[in-house]
Amino acid sequence: MEPLDLVFFKNLILEKIKQTNENVENIEKNSRNEGNDTSEDRSTYSLHMADHGTDAMEREKSLLLAQRGGDYLDYLNEALERIDAGSFGVCRLCGGMIGRARLEAVPTATQCIECKSQQENG
């Protein structure tokens, strides 16, 4: 891959890391503040059991989203390591080049579209 392409993808990945960090922080902040709402409709001390279940489900969903964001950050950091190692854009299965359009859409991709399709189909 050309050096200018590597710079482009490094900047793209760094921007995605920044966005994902912000998203995870917002999710965590909102899940911590959930229940601190003073309105009667959002009280965590509601008398209805269904409200308690809904609140627990929302907290669990928030934690799942934060975890997924953390996993995505790991993949992004691995992509940065591949850039530094010189293996970014190389398919792990066939050793061919991963298309630029695929890498722009999924900068964490480690397989070319052909190998990924084969893996998903069987």
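The values are calculated or read from the model by the stated rules, or taken from the named source; none is laboratory data. What you are looking at is a predicted structure, and each value in this text was computed from that prediction instead of being measured. So basically every Cβ, Gly included, is an ideal-geometry build from the backbone, and we count neighbours across all protein chains shown.
Residue count for the stretch 86-122 under the criterion of being aliphatic (A, V, I, L, M), surrounded by 12 or more Cβ atoms within 10 Å (Cβ to Cβ) and closer than 17 Å to residue 12 by Cα: the result is 4. Put simply, of 81, 60 the only residue that is surrounded by fewer than 13 Cβ atoms within 10 Å (Cβ to Cβ), modelled with pLDDT of 95 or more and part of a helix (DSSP H, G or I) is 81.
For the stretch 71-122, the set of residues classified as within 23 Å of residue 23 (Cβ to Cβ), in contact (Cβ under 8 Å) with a residue 40 or more places away in the chain and of a type in the set (Phe, Trp, Tyr) consists of 72 only.
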